[in-house]
1. Restricting to region 76-107, what's the tally of residues that are more than 20 Å from residue 6 (Cβ to Cβ) and touching a strand residue (DSSP E or B) at 6+ places or on another chain (Cβ under 6 Å)?
2. Please pick out the residue among 131, 118 that is modelled with pLDDT of 95 or more, touching a strand residue (DSSP E or B) at 6+ places or on another chain (Cβ under 9 Å) and over 18 Å from residue 22 (Cβ atoms).
3. Looking only at region 8-20, decide whether some residue is over 20 Å from residue 146 (Cα atoms) and assigned to a helix (DSSP H, G or I).
4. Before we move on, is residue 143 more than 17 Å from the chain's Cα centre (by Cα), under 16 Å from residue 47 (Cβ atoms) and touching a residue at least 12 places away in the same chain (Cβ under 8 Å)?
5. Report yes if residue 23 is in contact with a helix residue (DSSP H, G or I) (Cβ under 6 Å, 6 or more places away or on another chain), assigned to a strand (DSSP E or B) and modelled with pLDDT of 95 or more, otherwise no.
6. Applying the selection to region 78-103, what residues are loosely packed, with under 15 Cβ neighbours inside 10 Å, within 25 Å of residue 37 (Cα to Cα) and touching a residue at least 12 places away in the same chain (Cβ under 8 Å)?
7. Might you let me know whether region 112-122 holds any residue that is touching a residue at least 60 places away in the same chain (Cβ under 8 Å) and in a strand (DSSP E or B)?
8. Scanning region 26-63 for residues that are assigned to a strand (DSSP E or B) and over 19 Å from residue 106 (Cβ atoms), which turns out farthest from the chain's Cα centre (by Cα)?
């Protein structure tokens, strides 16, 4: 089956009595469900910066990697989140160099941060798209990342 396109709906912090955890929400095209992916704080900040087109004065890791790709004429075509195992998502970057294409394993959080900076597609393989997204009404309380960090 053809992978399903999705887009970043936002970067938040999920809050409950036991914990707080950064989460990136992916909206599926033409669907009222979303895919929450719980990520680390630094990845959340990087994705948030990319969504807002904010460029730090010095390159952070994802900015540096994006510049590396450009310098060596490598195009990031897509990130595909292809599997989920025991609550952990796995992804692959599709990279196109001057003479070949390669798939590279990556964490979805890193892949999202890079895809946003490269205007690459973010895709979900059908098994993930069928089993993982949830209705927005089932999400825990969410606070926008900037509100959580800066008040």
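The values are calculated or read from the model by the stated rules, or taken from the named source; none is laboratory data. Just so it is clear, the structure is predicted and the values come from calculations on it, not from any experiment. Positions of Cβ are backbone-derived with ideal geometry, glycine not excepted, and every protein chain shown enters the neighbour counts.
1. The qualifying residues number 2.
2. The match here is 118.
3. Kept after step one, since they are over 20 Å from residue 146 (Cα atoms), are these residues of region 8-20: 17-18.
Now drop any that are not assigned to a helix (DSSP H, G or I), which leaves none.
Looking through region 8-20, none of the residues is over 20 Å from residue 146 (Cα atoms) and assigned to a helix (DSSP H, G or I).
4. yes
5. When the stated conditions are applied, residue 23 does not pass them.
6. 83
7. yes
8. Residues of region 26-63 that are assigned to a strand (DSSP E or B), as a first pass: 26-28, 33-38.
From what is left, the residues that are over 19 Å from residue 106 (Cβ atoms) are 27-28, 33-34.
Working: 27: 11, 28: 13, 33: 16, 34: 13 Å.
It comes out as 33.
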